[in-house]
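First up is the structure itself, then whatever we jot down about it.
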Amino acid sequence: MGTKGNPSPAVAPEQPTANASFWARARRPLQRGPAFPWDNTVLLSLAAVIGIYAGIAAGLFASCIRTVQIVLFKFPELTSALFGRGDQWRALAWRRLRAAPWHPEFAVLAGLIIAASLGISWLAEHRRVRVPIFEAHRLRSAGVAGAFGLSLFYPLLLLRTFNGTFHESEGGLFEMLVAVPLWLRILAPALGGLAAGLVVRYVSPESAGHGVVEVIEAVHSRGDKLRGHVALWKSVAAGLVIGSGGSAGREGPVVHVGGSVAASLARTLKIPREGAALLMACGAAAGIAASFHAPLAGTLFALEIVLGDFSARRFTPVVLASVCATVTSRALLGGGSDLRPVAWVLHSPVEMALYVVLGLIAGGCAILYVRANHLAEELFEGHSSRFGALGQVARRVPPALKPMLGGLLVGAVALAAPRAMGTGTESMNAALAGQLALGALVLALVVKLVATALTLGSGAPGGSFFPAVFLGAMLGGAFGQVARLVFGSTIAGPEAYAAVGMGAVVAGATVAPLTGVLMMFELTGSYQIVLPLLVSCGIATALVVGKLGGSMYALKARARGVRPGRVPSALRGLSVATAVERLEPLRADLPFADLVRRVAESSHPAFPIVDGAGKLLGVLSVREVRAALLDHALEDLAVAGDFAHPVRTLLLDDTLELALDQLDSSGAEAVVLEPGAEGQATAVGILTRESVLDAWHRASEET
C-alpha cells in the first residue's frame, strides 16, 4: 500500500508469450478471402454464348441469302437438279456431305459444357462446393444455352452443303443478274420486297427496321422490345430482301439476333439492368464481328457506337463475345473475310495530302447517304410536303406493299448498274483489285446510294452498315483512279484508295473513326494502311458531326426519344432504387378532405394514384391539390382520382441515366414500380430530378 504523495506504481499488463499469441490466433475464426465473383463469371459465360449464337446467325443468314438467289435466279438449274437429272445431283450432294467440315469437336465441346454446368449445379445443391445456388443455376442455364447454340451448327451445315451443290462463280450475284432476262432483274427485288412486307405487316410488325438502332434503343432504355421470335422473322424478311437483289446489309439482322439472344438470356436468368445492357452490347459486337470476320471492329463498334463507354469492366465481355462469334462464323463459312486483302505502301509523304482530300469527300458522301435514307423514309411515309403529289401517292400505298414498290424501283434503277443490287461483295473485291473502270465505279456509287435509300426507306428490313462500306469502296476506287491520272505512278494504285475510302465512309456515317480504322485493318490485313485510315476517318467523322450532329444511328435513336451518351456515365452505375422517394400510394376513391390532410402532412411533390386492386392509374401533383383549395365546391365532390394524370413508370433496377431521359421527355416526376408475383407491379414511390441529383451527389461524395 503506497503512502500519501507517493502513489503505488501502476502494474504493467502481462505480455503474452509467443506460444500464447499463436494459440490465441489459432482459436479465432478462419479469415476467408473475398468471395469469388460468380456474377462476373456468369456474365462472361453468357457473353461467350451470345457470341456462339451470333456466329451461327451469320452463317444461317448468309446461307439463306444464297438459297433465295438460287430459287430466283437459278430456277432452271434447280428444277433440273431436283426433278430432271436427280441421280447426278444426289451423287454430288452425297460427295459434298462427305467432304463437309463437320467439326466433331463442336459436339464434344457441347457435351463438356453441359456436363460441367450440370456438375457445378449438382455440387452446389449438395454443398460440395462453395457456389451460391442461384449462381449455379445461372451457370447451368448458360451452359445448356451454349450447347444448344453449338448443336445448331450441324443443321446449318446441311443448308450450306445444299447450296454448294449448285454452280457458284466468283462473280456472285452480279454474274447471276447479267445472265437472267431484264424482266426478272426488275421483278425479283419486288417479289422479295412483297414477301418481306407481308411478313412485317401480318406476322411480325416489330421486324421492321435496320436492327442496330433497335439494339441501341434497348441498351439505353429497356430490353423488353428485343424478343427472339422478332429477330427470327427479321432475319427471314431481310434474307428475302437481300437475296432477291434489294440493296441492304446483312449485318443488321445478325446484330439484332445477338441483341435478342442477350435480352432473352438476361430476362430468363434475372440479370440486373446494367448487366443486361452490357450483354446486349455484346450481341451487337458479336453480330458485326461475325458478319465481317473482324473481332476488333466488332468490339469497337459496341463500345464506340452502342454503349458509348470505353471503361475496362465492359471491355472483356465484349471482346469475348466478338472472338467467339468470329471463331464460330469461320468454322461455318470457312476461311476469313469475304473481302480480298490489299497491300498498301506509302510512296511519298506528300501522298498524305490526298488522303486528307479523300477524307473530306468521304465525309460528304456519308452526309449524302444519311440524308438520302432519311428523305426516302419521309417519301414512303408521306410525312413531308416537299414531295407534293408523289408523297400523297406514297401515303396511299398499303404498308405491306411499300417494300414491294421500293424493290420495283430498285430493279428499274439497277438496270444501269446491276452491281448495286444485293450486298455487292463481288463488286467491292473488284474495286479492291483495281479491275473496275472509272465510269463503272461512279455509276455503281450513284445507283447504290439511290437503291439503298429506296430499299431501307420503303420499310424493308436490312442493315445500313454494309452499304456504307460499298459506297466507300466505289468512292475510294474512283478517287484513286483520278489521282493516278494526275500524279501517275508516284502514288499508290486505286485499290489502296478504295480500301481507305471504305473505312472513311463507314467512319463518317457511323461517327465511329476507330471502328472504321480497325475494320479496314482487319479486312485488308495491312498494318501500314492504318496511317492514312486515321487521317481520312478522322476528317470524315469531324465533317459529319459538324454538319449533322450525330451518326445515322444516333439520329434515328434520338427520333425515338433515346439519347445515347448524353448523360454522364456516372449515372449508368446508379439504380433508381438509390434515388426513389418511397411513399404509400393514394387510393383513387380517397375523399377530398382526407386528400388535403395527407398532402398537408407530407413534403412530397406528388403521389401515385391506384385503384382498389393496387393498379396504377396515374400521378397526383400536390401543386394542383393546393390550387383546388380555393374551390369550396370540390370539398364534397372531388376524390383523389380526379387529380390523376398519366405518368411514365420506372423500375427499381433501371439506371438513373434512363430515369433522367424519361423525366426529360415526360415531366417533373415518374412513378417507381417494384415487380411482384405473376407479372404484377406495385407502386412504391416517385422519382424527381431533384432526387436523381441528390443520389448523384451522394455517390460522388462516397467516391
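Taking every residue in the range 450-467 that is under 15 Å from Ala366 (Cβ atoms) and touching a residue at least 40 places away in the same chain (Cβ under 8 Å) and pairing it with any residue that is of a type in the set (Asp, Glu) and buried (at least 24 other Cβ atoms within 10 Å of the Cβ), at least 6 positions away or on another chain, the pairs with Cβ-Cβ distances below 8 Å are Phe465/Glu251; Phe466/Glu251.
I want to confirm something. Restricting to the range 368-398 and keeping residues that are at pLDDT 90 or above and open to solvent by 50 Å² or more (accessible area, probe 1.4 Å), which single residue is farthest from Ser464 (Cα to Cα)? Here the answer is Pro398.
The one condition from (1) within 21 Å of Glu377 (Cα to Cα); (2) at pLDDT below 95; (3) small (Gly, Ala, Ser) that Ala451 does not meet is (2).
Residue-by-condition table, conditions (1) open to solvent by 80 Å² or more (accessible area, probe 1.4 Å); (2) assigned to a helix (DSSP H, G or I); (3) in contact with a helix residue (DSSP H, G or I) (Cβ under 6 Å, 6 or more places away or on another chain); (4) at pLDDT below 75:
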residue	(1), (2), (3), (4)
Leu617	yes, no, no, no
Val625	no, yes, yes, no
Leu634	no, yes, yes, yes
Gly685	no, no, no, no
Ala695	no, yes, yes, no
Glu701	yes, yes, no, yes
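Looking only at residues in the range 426-441 that are aliphatic (A, V, I, L, M) and open to solvent by less than 20 Å² (accessible area, probe 1.4 Å), the one that is nearest to Arg66 (Cα to Cα) is Met428. Scanning the range 408-420 for residues that are touching a Gly at 6+ places or on another chain (Cβ under 8 Å) and either open to solvent by 10 Å² or more (accessible area, probe 1.4 Å) or not in a helix (DSSP H, G or I) (or both) yields Leu408, Ala414.
The listed residues are Thr455, Thr423, and the only one of them that is surrounded by 24 or more Cβ atoms within 10 Å (Cβ to Cβ), under 30 Å from the mean Cα position of the chain (by Cα) and part of a helix (DSSP H, G or I) turns out to be Thr455. The numbered conditions (1) surrounded by fewer than 19 Cβ atoms within 10 Å (Cβ to Cβ); (2) touching a residue at least 12 places away in the same chain (Cβ under 8 Å) are all true for Val199 except (1).
Looking only at residues in the range 585-595 that are part of a helix (DSSP H, G or I) and open to solvent by less than 40 Å² (accessible area, probe 1.4 Å), which one is farthest from Val684 (Cα to Cα)?
Phe592
With respect to Val178, determine if the residue is more than 23 Å from Ser80 (Cα to Cα), at pLDDT below 90, open to solvent by 10 Å² or more (accessible area, probe 1.4 Å) and among the hydrophobic types (A, V, I, L, M, F, W, C). The answer is no for Val178. Please determine whether any residue of the range 232-241 is aromatic (Phe, Trp, Tyr) and closer than 24 Å to Ala512 by Cα. Among the residues of the range 232-241, not one is aromatic (Phe, Trp, Tyr) and closer than 24 Å to Ala512 by Cα, which makes the answer no.
The residue of the range 458-472 that is surrounded by the fewest Cβ atoms within 10 Å (Cβ to Cβ), among those that are in contact with a Lys or Arg (Cβ under 9 Å, 6 or more places away or on another chain), of a type in the set (A, V, I, L, M, F, W, C) and in a helix (DSSP H, G or I), is Phe466. Inspect all residues belonging to the range 435-452 and state whether any of them is assigned to a helix (DSSP H, G or I) and of a type in the set (S, T, N, Q). The answer is yes, given that some residue of the range 435-452 is assigned to a helix (DSSP H, G or I) and of a type in the set (S, T, N, Q). Scanning the range 536-547 for residues that are open to solvent by 40 Å² or more (accessible area, probe 1.4 Å) and of a type outside the set (Gly, Ala, Ser) gives Ile539, Leu543, Val545, Lys547.
Taking the conditions exactly as written (closer than 22 Å to Asp654 by Cβ, in contact with a Lys or Arg (Cβ under 8 Å, 6 or more places away or on another chain) and crowded, with 24+ Cβ neighbours inside 10 Å), does Ala238 satisfy them or not? Here the answer is no, as Ala238 does not meet what is asked.
Results for (1) open to solvent by 40 Å² or more (accessible area, probe 1.4 Å); (2) basic (Lys, Arg); (3) at negative phi; (4) not in a helix (DSSP H, G or I), shown as yes or no for each residue.
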site	(1), (2), (3), (4)
Met474	no, no, yes, no
Ala478	no, no, yes, no
Arg484	yes, yes, yes, no
Gly488	no, no, no, no
Tyr497	no, no, yes, no
Gly501	no, no, yes, no
Val517	no, no, yes, no
Tyr527	yes, no, yes, yes
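Residues of the range 308-315 include none that is buried (at least 23 other Cβ atoms within 10 Å of the Cβ), modelled with pLDDT of 85 or more and in a helix (DSSP H, G or I). Checked against (1) open to solvent by less than 10 Å² (accessible area, probe 1.4 Å); (2) modelled with pLDDT of 85 or more, Ser207 passes all but condition (2). For Gly59, the test of being under 32 Å from the mean Cα position of the chain (by Cα) and not β-branched (Val, Ile, Thr) is passed. Total residues in the range 596-615 satisfying the condition of being assigned to a loop (DSSP other than H, G, I, E, B) and under 30 Å from Gly275 (Cβ atoms): the figure is 2.
Only one entry of Val230, Val319, Val261 meets the criterion of being within 28 Å of Leu173 (Cα to Cα), out of contact with any Cys (no Cβ under 6 Å at 6 or more places or on another chain) and assigned to a helix (DSSP H, G or I), and that entry is Val230.
Any residue that is surrounded by 12 or more Cβ atoms within 10 Å (Cβ to Cβ) and under 30 Å from Trp183 (Cα atoms) - is there at least one of those in the range 89-107? The answer is yes, given that some residue of the range 89-107 is surrounded by 12 or more Cβ atoms within 10 Å (Cβ to Cβ) and under 30 Å from Trp183 (Cα atoms).
The values are calculated or read from the model by the stated rules, or taken from the named source; none is laboratory data. This is a predicted model, so every value here is computed, not measured. No Cβ is skipped: glycine too gets one built from the backbone with ideal geometry, and neighbour counts run over all protein chains shown. Only protein heavy atoms, including side chains, enter the accessible area calculation; ligands, DNA and RNA are left aside. Shrake-Rupley method; radii C 1.70, N 1.55, O 1.52, S 1.80 Å.
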